[in-house]
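Have a look at the structure below before the remarks.
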Amino acid sequence: MCGITGYIGCRDAAPILIEGLRKLEYRGYDSAGLALLSKGRLNVCKKKGRVAVLADEVAKKPVSSHIGISHTRWATHGGVTDENAHPHVSSDGRFALVHNGIIENFEQMKNFLIEKGYTFSSQTDTEALVNLIAYHYDHRTDDTMENRFMEAVRKALMHVEGTYGIAVISPLHEVQMIAARKGSPLLIGIGKDERLVSSDVLGFAGRATNVIYLEDGQIASLTTDNCDIVTISNKPIDFVVNEIDWELENADLGGATHYMEKEIFEQPKALENAIRGRISDDESTAVLSGLNISPSELRQIDRILFCSCGTAWHACLVAEYLIEKYARIPVEVEYASEFRYRNAPLDKNTLVFVISQSGETIDTLEALRESKRKGYKTLAITNSVGSTIARESDGGLYQYAGKEVGVASTKAFTSQVVICLLIALYLGRLRDLSYAEGREIVEAIKSLPSLVEETLKQAPLIEKIAKKYAHYKDFLFLGRLSEYPIANEGALKLKEISYIHSEGYPAGEMKHGPIALVSPECPTLIFGNSGSALPKIISNAQEIKARKGPIIAVTDSPEAFEGVADDIIAIPHVHKSIRPIISTIPIQLFAYYVAVELGNDVDKPRNLAKAVTVE
Ligand code: AGP
């Protein structure tokens, strides 16, 4: 979603800001803009389309400047136009602002400001805020010139209902930038004689060595070599400065064509990282110190609630299966966006987990806050060290999958699932899971990276199959038990990047409705692995075949699908606990190759954002 970068320092701001925007492109956006201060003037350039378009435009009229703000916009209020792109400038031309979030009461603000003579040229909510800052700048009480800018922003923000991450500059204060956040991520980067602002560490483009994570309700005043932070009620803050681990944040394409391709093939490594140091061979269990919760406390837990969105929600569904199977603890799974508002009754001894790759998804963050507000211990599984969800949870586990750039989540998903399996193992071994059963799971987890490596070798075959099916308009994905969530995940992956309508269902549900879709024009990808459900799945496949529906089978028992499926993708025969991960690999590759065949922008699919930071 919207990306912010800001720069104040002794170097040329424009190339640094553009580079920052390039690094944030993966978040998803539809227009880009930049404002620079130079010799008491504000220079603004904004364009719909890609950052490259903006960069070309900026290059036509170079401006030498040491302070500026820039933005990639993901449209919420108002269409995708140059006018609606950020930065927005107050109608008196004295303030420029970039904003991520939604100002819910912008209409009231706007009406108030129109009465006072301010004018508007966009349809955005943001323009109301920048004009309100101008208004408060003029209606100061006893502010000194030094804190007048900061106070104007602070007072304006006191009237905002909604969410924001903002950066503001003014030609009246050429050596100062103001940044603030509430509900939308904003980070301050510290480099040598320079300060940066960004919605994400990547936006610092390798320049900052240290980072300050701004908290909700905090406002920062930045100069080249200083940073002061106060709360919205004007109380000074003692902030923490963290070192940036650039190795963890590294996001080069390497030799791959797309980030999604790179990230699919990185899964053996990502899984290895997620597992490292988290297995006790001696005790056949998992070692999960990050949970910050003692074994005796865990034994009191009667129920676990998992909350998430999108792909992470599918990881929760797998967690439900794994934890109920191995730890025998009832698990509920909620969409984070529903949980926050539906006030579901929870048992006293409920433990809450949220899962979020980005650690910034607003729905998941608000679900976490709601759960904490109600007094539940709330833990997080996230891939983003220092993210808001990581900081606000009571404990949790980092995925260490490495930065995921492709909008379609791949390696983050499988590493979330393996962490859920570790949790299931740990909780199981605290209860009734025997040493021998624990041992089998431990061995299965240890073999995962090489089994995923082996499964990835099917890529050429899957590419061929994907080309054959790329031009269909509808798809069904069917699976049973722990592969039902993977059917959902397959359908989500396909629709996200190929824009093909696809639905995931438990295979047994097929006859209760989805079978109406089956025809020669609607292929089905079906998971059918060894076990008691296999005969039932074969019957489902037969029913599809009888209605002339094309079938792709993903199976560890290829012989069972001979003469039934049109195409068969064989996967290794593995322990049940890790099967959902192995089954995921073919559907990721399938979606990827279909999208490539269709010529789609795989890493930045239309309308989607990597971190969904507005509700
Ligand atoms: C995954 O392919 C999607 N882009 C999306 O569903 C994503 O998983 C969801 O928005 C949750 O994101 P998070 O893990 O960063 O919270």
So what is the relative contact order of segment 283-383, in percent, for Cα pairs below 8 Å that sit 6 or more residues apart? 30 percent
For the chain, the charge dipole (Cβ of Lys, Arg +1; Cβ of Asp, Glu -1; about the Cα centre) points to a positive end, and the Cα of Ala541, Gly203, Thr388 closest to that extreme belongs to Ala541
Only sites in a loop by DSSP and with at most 14 other Cβ atoms within 10 Å count here; which trypsin sites (Lys or Arg not before Pro) in segment 147-216 make the cut? Lys192
Determine, for segment 3-243, the count of lysine pairs separated by eight or more sequence positions (or lying on different chains) whose alpha-carbon distance falls under 14 Å. 4
Please report the antiparallel percentage of DSSP beta bridges with both residues in the chain, rounded to the nearest 5. 65 percent
With each run of n ≥ 4 DSSP H residues scored as -39500 (n - 2.57), what mean residue ellipticity at 222 nm is computed for the chain after dividing by its residue count and rounding to the nearest 500 deg cm²/dmol? -11500 deg cm²/dmol
Segment 3-243: C-alpha gyration tensor shape, a/c 1.5 cut-off, then a/b vs b/c: rounded
Extension gain from Asn105 to Lys374, taking 0.36 nm per residue of separation minus the Cα-Cα distance: 94.1 nm
Which residues among segment 127-166 fall inside the zone where the amide N is under 15 Å from a point 7 Å beyond the Cα of Glu615, along Cα→Cβ? 161-164
Name the residues whose placed amide hydrogens come within less than 5 Å of the amide hydrogen of Lys182, ignoring near sequence neighbours (fewer than 5 apart) on the same chain. Tyr164, Gly165, Gly217
Write out the trypsin sites (Lys or Arg not before Pro) in segment 302-389 meeting two conditions: DSSP loop, and at most 13 other Cβ atoms within 10 Å of their Cβ. Arg328, Lys348, Lys374
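Once fully extended, how much extra length lies between Asp302 and Asn210, figured as 0.36 nm per residue of separation less the alpha-carbon to alpha-carbon distance? Please list the in-between numbers first.
Values: separation 92, 0.36 × 92 = 33.12 nm, distance 4.17 nm.
Value of the extension gain: 29.0 nm.
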Which one, Leu21, Asn100, Tyr469, projects farthest toward the positive side of the charge dipole computed for the chain from Cβ point charges (K/R +1, D/E -1)? Tyr469
Cα-centre dipole for segment 3-243 with unit charges at Cβ (Lys and Arg positive, Asp and Glu negative), debye to 20: 560 debye
Work out the length of the dipole vector of segment 457-608 about its Cα centre, built from +1 on the beta-carbon of each Lys and Arg and -1 on the beta-carbon of each Asp and Glu, and round it to the nearest 20 debye. 80 debye
Rounded, prolate or oblate for segment 549-615? Axes are the square roots of the Cα gyration tensor eigenvalues, ordered a ≥ b ≥ c, and the cut-off for rounded is a/c under 1.5. oblate
Cβ charges +1 (Lys, Arg) and -1 (Asp, Glu), total dipole of the chain, debye: 480 debye
Please sort by residue number the trypsin sites (Lys or Arg not before Pro) in segment 422-520 whose DSSP state is loop and whose Cβ has at most 15 other Cβ atoms within 10 Å. Arg431, Lys457, Lys473
Burial order of peptide ranges 351-364, 265-278, 221-234, 96-109 (average beta-carbon count within 10 Å, highest first): 351-364, 96-109, 265-278, 221-234
Full-extension gain in nm, Glu543 to Asp12, via 0.36 nm per residue minus C-alpha separation: 184.6 nm
Which net charge results for the neighbourhood of Leu157, defined as the other residues with beta-carbon distances under 13 angstrom from its beta-carbon, given Lys and Arg at +1 and Asp and Glu at -1? +1
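Which whole-number percent is the relative contact order of segment 3-243 (Cα, under 8 Å, 6+ apart)?
21 percent
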Work out the charge dipole of segment 3-243 with +1 on the Cβ of Lys and Arg and -1 on the Cβ of Asp and Glu about the Cα centre, then indicate which of Val89, Thr223, Ala35 is farthest towards its positive end. Ala35
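Please tell me the relative contact order of the chain in percent, rounded to the nearest whole number, where contacts are Cα pairs under 8 Å and at least six residues apart.
That works out to 12 percent.
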Accessible area in square angstrom per residue, the chain, 1.4 angstrom probe: 37 Å²
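The values are calculated or read from the model by the stated rules, or taken from the named source; none is laboratory data. Just so it is clear, the model here is predicted, and its values are computed rather than measured. Counting neighbours? That spans all protein chains shown, and the Cβs are built from the backbone with ideal geometry, glycine included. Only protein heavy atoms, including side chains, enter the accessible area calculation; ligands, DNA and RNA are left aside. Shrake-Rupley method; radii C 1.70, N 1.55, O 1.52, S 1.80 Å.
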